[in-house]
Amino acid sequence: MNVKLIGFTPNPEKIPAMAAMLTHSKNKPEDLEKAPNLNAVLAEVLKLGHTSVIEHTSFTFAISDVSRSLTHQLVRHRIASYAQQSQRYVDFKEPNYVTPPTIIKNIEMKEAYEETMTIIWKQYNKLLEMGIPVEDSRFILPNAACTNIMITMNARSLLNFFELRCCQHAQWEIRELANKMLKEVKKVAPIIFKNAGPTCKTKNICHENKRDCPLYPK
Ligand SMILES: Cc1cc2nc3c(=O)[nH]c(=O)nc-3n(C[C@H](O)[C@H](O)[C@H](O)COP(=O)(O)OP(=O)(O)OC[C@H]3O[C@@H](n4cnc5c(N)ncnc54)[C@H](O)[C@@H]3O)c2cc1C
């Protein structure tokens, strides 16, 4: 899995801080750029839960070599924009798939898994050779098939995404993605994402009610 933050709103923390300040100011928004204590104002409004101001900041990620199983879960997050590699316009003649760690650990299972993938791709190529359109041949490709996707999300939506997907009980591949995305955005917007993570961290609540989890709120 490759995850790269390829773009974000310039001044990602100053812009939402100005938005927060504007609500209580007689000044024009553009005149607030040099206002004192912008960072403190942003930290304070976030503490109060006024997270609409951070919708003014967005982040774009390039994500490659993840499974279609991951992207199916990812695109359920509606407050975002996506572009995904097409299985209609791109043919995937060479096997390219993700293997879950539980299968990698089991030599016998790994062999069976790889054998299955070889058969799937052999049949896929056979369908293409028989003149079946790419859009129909792809029907036999697995959830494990690799894909590339670009996503743009605003900071508020990202906080929701991290609450749901950084959780220990989120599926392992999307959890790995969420943790990598969080690491990237923390570098450029440390105030916004200071306390980001699963709800056991942000709200001291476990929505999954997993009492055996080591992170279960005390
Ligand atoms: C551990 C886990 C297991 C899951 N299992 C399943 C499953 O078995 N089956 C399944 O179908 N899904 C499953 N999901 C997906 C889940 O139900 C959500 O669709 C997904 O996490 C997106 O979350 P979201 O709606 O908060 O995000 P977004 O779509 O980005 O929405 C963000 C927020 O905007 C608001 N919002 C967005 N759209 C609307 C709307 N139309 N009306 C009102 N408010 C809206 C809500 O407050 C929402 O929280 C699972 C998710 C997790 C984390």
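The values are calculated or read from the model by the stated rules, or taken from the named source; none is laboratory data. In this text, all values refer to a predicted model and were calculated from it rather than measured experimentally. Counting neighbours? That spans all protein chains shown, and the Cβs are built from the backbone with ideal geometry, glycine included. With ligands, DNA and RNA removed, areas are computed over all heavy atoms of the protein, side chains included. Shrake-Rupley method; radii C 1.70, N 1.55, O 1.52, S 1.80 Å.
A few points about this structure:
- Counting only helices (runs of 4 or more DSSP H) that fall entirely inside segment 150-218 and contain at least 3 residues that are open to solvent by less than 30 Å² (accessible area, probe 1.4 Å) and at pLDDT 95 or above, the qualifying elements are 155-165, 172-188.
- Residues in segment 39-51 that are within 15 Å of the ligand (Cβ to nearest atom) and in contact with a helix residue (DSSP H, G or I) (Cβ under 7 Å, 6 or more places away or on another chain): THR51 alone.
- Failed item, numbered, when SER137 is tested on (1) within 30 Å of ARG88 (Cα to Cα); (2) part of a loop (DSSP other than H, G, I, E, B); (3) open to solvent by less than 60 Å² (accessible area, probe 1.4 Å): (2)
- Among the conditions (1) touching a helix residue (DSSP H, G or I) at 6+ places or on another chain (Cβ under 6 Å); (2) of a type outside the set (Ser, Thr, Tyr); (3) open to solvent by 60 Å² or more (accessible area, probe 1.4 Å); (4) at pLDDT below 90, the only one that ALA35 does not satisfy is (3).
- Looking at LYS93, LYS110, just one residue is open to solvent by 40 Å² or more (accessible area, probe 1.4 Å), more than 16 Å from the ligand (Cβ to nearest atom), more than 29 Å from PHE161 (Cβ to Cβ) and at pLDDT below 95, and that residue is LYS93.
- THR71 being polar (S, T, N, Q) and either open to solvent by 40 Å² or more (accessible area, probe 1.4 Å) or farther than 30 Å from ASN160 by Cα (or both): no
- Qualifying residue in segment 61-68 (condition: modelled with pLDDT of 95 or more, away from the ligand (no atom under 16 Å from the Cβ) and at positive phi): yes
- Qualifying residue in segment 78-86 (condition: away from the ligand (no atom under 16 Å from the Cβ), among the β-branched types (Val, Ile, Thr), open to solvent by 100 Å² or more (accessible area, probe 1.4 Å) and farther than 15 Å from PRO142 by Cα): no
- Of all positions in segment 17-32, none carries a residue that is touching a Lys or Arg at 6+ places or on another chain (Cβ under 9 Å) and either among the hydroxyl-bearing types (Ser, Thr, Tyr) or loosely packed, with under 14 Cβ neighbours inside 10 Å (or both).
- Any hit, segment 160-167, residues being among the basic types (Lys, Arg), more than 22 Å from ASP65 (Cα to Cα) and either away from the ligand (no atom under 14 Å from the Cβ) or touching a residue at least 12 places away in the same chain (Cβ under 8 Å) (or both): no
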